[in-house]
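Notes for the one structure printed next.
The values are calculated or read from the model by the stated rules, or taken from the named source; none is laboratory data. Fair warning: this is a prediction, and the values are worked out from it, not measured in the lab. Cβ sites come from the backbone with ideal geometry, for glycine too, and all protein chains shown count toward neighbours.
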Amino acid sequence: MPASPRRVLLLIDVQNEYFTGRLPIAHPPVETSLRNIGLALEAARGAGIPVVRVLHDGPENGPVFARGSDGWRPHPAVAGLPVDHTVHKTRASAFAGTDLADWLAARDIDTVTVAGYMTHNCDAATIFEALQRGFGAEFLSDASGSPAYRNAAGQASAEEIHRVFCTVFHSNFAAVATTADWIEAIGAGRALEKDNVYLSGQRALAGAGTPVQG
């Protein structure tokens, strides 16, 4: 990644479904993530970083994100804020079936900064596909979030889901940072550093008292 990445801020699915609908975000608290989304957008504007709003379009008769419903609409905290481009998607990744990749390429953007929801679903799918498409990625850990899950495979708290995905992202896929650290980095014109799979694994082994390979 270059020393001064050409960034875009992706505001993913900041829609009412996650606040007043059927998929309420539980961790981090939405008051925290919404505040930081606003701070990130303000900082991006000040630094000349383009902002893309990503909206999930569900089927009109679907249980969540039904097109035209209140749950589908952008949250009032961001609904009126100016953006450079809007992407409508029907799948998890913001790249899948949209013009996002072409829009970024036309502007020589090489790094996507991801904020919004959900950490483990649309954020993760977008980050993973960004890597495959040759983009660098950053993830704002306090401007995003997850709900709790329970299904036939097991259950996990919102904190567990968010924390585990942040750890996995930082091991290979995206530099994970707080919004404040990201704002400092864009002010300094520098890239955020991610970790790697080897070192992440070795630290875990060392913490467990297991001999590590040098």
Contacts under 7 angstrom Cβ, first residue in region 35-46 being over 12 Å from ARG7 (Cβ atoms), partner polar (S, T, N, Q), 6 or more apart: ASN36/THR179; LEU39/THR179
Tally, over region 86-122, of residues that are out of contact with any Ser or Thr (no Cβ under 7 Å at 6 or more places or on another chain), loosely packed, with under 14 Cβ neighbours inside 10 Å, more than 17 Å from PHE65 (Cα to Cα) and not aliphatic (A, V, I, L, M): 4
Residues of region 109-137 that turn out to be assigned to a strand (DSSP E or B) and either within 19 Å of SER171 (Cβ to Cβ) or of a type in the set (Gly, Ala, Ser) (or both), as a count: 8
VAL64 surrounded by fewer than 20 Cβ atoms within 10 Å (Cβ to Cβ), touching an Asp or Glu at 6+ places or on another chain (Cβ under 7 Å), on the phi < 0 side of the Ramachandran plot and among the β-branched types (Val, Ile, Thr): yes
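Assess whether LEU131 counts as being at pLDDT 95 or above and within 28 Å of GLU42 (Cα to Cα).
Details: at pLDDT 95 or above: yes; within 28 Å of GLU42 (Cα to Cα): yes.
Yes: the conditions hold for LEU131.
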Hey, THR32 in a loop (DSSP other than H, G, I, E, B) and polar (S, T, N, Q) or not: no
Single unsatisfied condition, SER171 versus (1) surrounded by fewer than 20 Cβ atoms within 10 Å (Cβ to Cβ); (2) out of contact with any helix residue (DSSP H, G or I) (no Cβ under 7 Å at 6 or more places or on another chain): (2)
Some residue of region 53-61 being within 18 Å of the chain's Cα centre (by Cα) and in contact (Cβ under 8 Å) with a residue 60 or more places away in the chain: yes
Residue count, region 85-97 (criterion: part of a loop (DSSP other than H, G, I, E, B) and touching a residue at least 24 places away in the same chain (Cβ under 8 Å)): 7
Residue match in region 65-76 (condition: aliphatic (A, V, I, L, M) and either touching a residue at least 24 places away in the same chain (Cβ under 8 Å) or closer than 21 Å to GLY145 by Cβ (or both)): no
Any pair with Cβ under 9 angstrom, 6 or more apart, that starts in region 184-205 at a residue that is free of Cβ contacts under 8 Å to residues at least 60 places away in the same chain and ends at one that is surrounded by 13 or more Cβ atoms within 10 Å (Cβ to Cβ) and acidic (Asp, Glu): ALA185/GLU138; LEU192/GLU138; LEU192/ASP181; LYS194/GLU138; ARG203/ASP195
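Yes/no matrix, rows are residues, columns are (1) at pLDDT below 95; (2) under 24 Å from PHE173 (Cα atoms); (3) touching a strand residue (DSSP E or B) at 6+ places or on another chain (Cβ under 9 Å); (4) assigned to a loop (DSSP other than H, G, I, E, B):
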position	(1), (2), (3), (4)
SER4	yes, yes, no, yes
LEU10	no, yes, yes, no
GLU17	no, no, yes, no
LEU23	no, no, yes, yes
ALA43	no, yes, yes, no
ARG53	no, yes, yes, no
VAL64	no, no, yes, yes
ASP70	no, no, no, yes
VAL83	no, no, yes, yes
